[in-house]
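The values are calculated or read from the model by the stated rules, or taken from the named source; none is laboratory data. Worth saying up front: this structure is predicted, and the values here are computed from it rather than measured. Note that each Cβ is placed from the backbone with ideal geometry, even for glycine, and that neighbours are counted across all protein chains shown.
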Amino acid sequence: MRLLRLPLSRRAFIGAMALVAAAPARAASPIRLAAQKTGTFAWELDVIANHGLDKAADIAIETTEFASPQAAELALLSGEVDIIISDWLYVSRARSLGGHLTFYPYSSAIGAIMTPPSSSIASLRDLKGKTLAVAGGALDKSWLIVQGAALREGLDLKSESSIVYGAPSLLAAKARQGEFAASLNFWNFCAELEAEGFHRLAGIEELAMTLGATGPLTNLGYVFNEDWARRNEAALARFLELTRKAKDILAETPEEWERLKPRLNLRDANALTVLRQRYGQGIPRRPVEAEEADARTLYALLARLGGAELVGKAGELEAGTFYKISTGG
């Protein structure tokens, strides 16, 4: 039987073309992020947008700002956002309680103990009887690592020194006023103090290596639900790759820091150079397996010093805490 090929009328042709034109283009994969306005993650998001890395990766980034890490954690657990920045201790504890969170390295830039320009303090032992200001609270991982390193040198900082806790910005301001013999603060505040002549007594990553870490230990990471990661595996891999590109741009391009400078609120012009240097040093370069092994090594020490309040009932780092990017085809 012979089929007849009927001619397409002009009206039908125009109608068909209109339908094609009206069909929406394939939507970019959406990823909802939590960020703090003044955090370093906000710098990277700025670079991503400025260079169009999200569009090139076919990712639609939706950012919600939160006032505190705790607020971001609640948003993640409620499904309001897909990814937050937090640490592996938080993830391990959540998993020990039945949660399905997982962690991928973001930065090993943690912080340091800083002393004033005129200080004669040369080691942790010299902090005996002195006032040490600590940012982040009594259960902050950096503070626990400092305590562990000091104990190896025979000094119990909690009982043999005067410890003061406070917000990072407040402690940095008071350090400039000479109120403390030393201060343990977040890396970006330490970089500014370093630019102003303060001495870097010890970096937390260095102290972690005295306690068994084999390299710069990642402190913060991208945290997300593993069920969400499984459903969005390809988009997540593209997101992690584009954030790596943003990190490399910041590490290698001084002009990018000049562009960001107005939003950094720096007190000293020299701080920009130190910030860039310390930021670059904090980019994770090791395999995730090495990061996980070091975290497992330090977990026992942190659990002993922080107790159940820090880690819950888990005796070791929970399996699945670190996310591995699939290499399957």
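Out of all the residues in segment 251-268, is one or more part of a helix (DSSP H, G or I) and buried (at least 22 other Cβ atoms within 10 Å of the Cβ)?
no
Hey, could you check segment 95-113 for residues that are hydrophobic (A, V, I, L, M, F, W, C) and surrounded by 17 or more Cβ atoms within 10 Å (Cβ to Cβ) and say which is farthest from residue 68 (Cα to Cα)?
113
Restricting attention to segment 268-290, which residues are of a type outside the set (S, T, N, Q) and closer than 18 Å to residue 111 by Cβ?
271, 274, 275, 276, 278, 279, 280, 282, 283, 284
Tell me whether segment 164-179 contains one or more residues that are among the β-branched types (Val, Ile, Thr) and under 27 Å from residue 292 (Cα atoms).
No, segment 164-179 has no match at all.
Restrict the check to segment 163-176 and report whether at least one residue is among the polar types (S, T, N, Q) and at pLDDT 95 or above.
no
Return only the number of the condition from (1) of a type outside the set (D, E, K, R); (2) in contact (Cβ under 8 Å) with a residue 40 or more places away in the chain; (3) farther than 29 Å from residue 81 by Cβ that residue 235 does not satisfy.
Exception for residue 235: condition (3).
Looking only at residues that are of a type in the set (Lys, Arg) and under 16 Å from the mean Cα position of the chain (by Cα) in segment 277-329, which one is farthest from residue 188 (Cα to Cα)?
Ranking the qualifying residues of segment 277-329, first place goes to 286.
Which numbered condition in (1) of a type in the set (S, T, N, Q); (2) in contact with a Ser or Thr (Cβ under 8 Å, 6 or more places away or on another chain); (3) free of Cβ contacts under 8 Å to residues at least 40 places away in the same chain is the only one that residue 188 fails?
(3)
Mind checking whether some residue in segment 217-231 is at pLDDT 95 or above, more than 13 Å from residue 111 (Cβ to Cβ), surrounded by fewer than 17 Cβ atoms within 10 Å (Cβ to Cβ) and under 19 Å from the mean Cα position of the chain (by Cα)?
yes
When residues of segment 105-126 are filtered for being over 17 Å from residue 174 (Cβ atoms) and either modelled with pLDDT under 95 or in contact with a Pro (Cβ under 9 Å, 6 or more places away or on another chain) (or both), how many remain?
6
Could you look through segment 307-329, keep only residues that are of a type in the set (Gly, Ala, Ser) and at pLDDT 90 or above, and pick out the one that is surrounded by the most Cβ atoms within 10 Å (Cβ to Cβ)?
The residue in question is 320.
Given segment 114-187, what helices (runs of 4 or more DSSP H) lie entirely inside it while holding 2 or more residues that are buried (at least 19 other Cβ atoms within 10 Å of the Cβ) and among the polar types (S, T, N, Q)?
141-152
Read through the list (1) farther than 22 Å from residue 194 by Cβ; (2) touching a Pro at 6+ places or on another chain (Cβ under 7 Å), then give the number of the only condition that residue 276 fails.
Of (1) farther than 22 Å from residue 194 by Cβ; (2) touching a Pro at 6+ places or on another chain (Cβ under 7 Å), only one is false for residue 276: (1).
Taking the condition of being part of a strand (DSSP E or B) and closer than 30 Å to residue 78 by Cβ, how many residues in segment 189-228 meet it?
Count: 6.
Quick check on residue 290: is it part of a helix (DSSP H, G or I), aliphatic (A, V, I, L, M) and in contact with a helix residue (DSSP H, G or I) (Cβ under 6 Å, 6 or more places away or on another chain)?
Criteria not met by residue 290.
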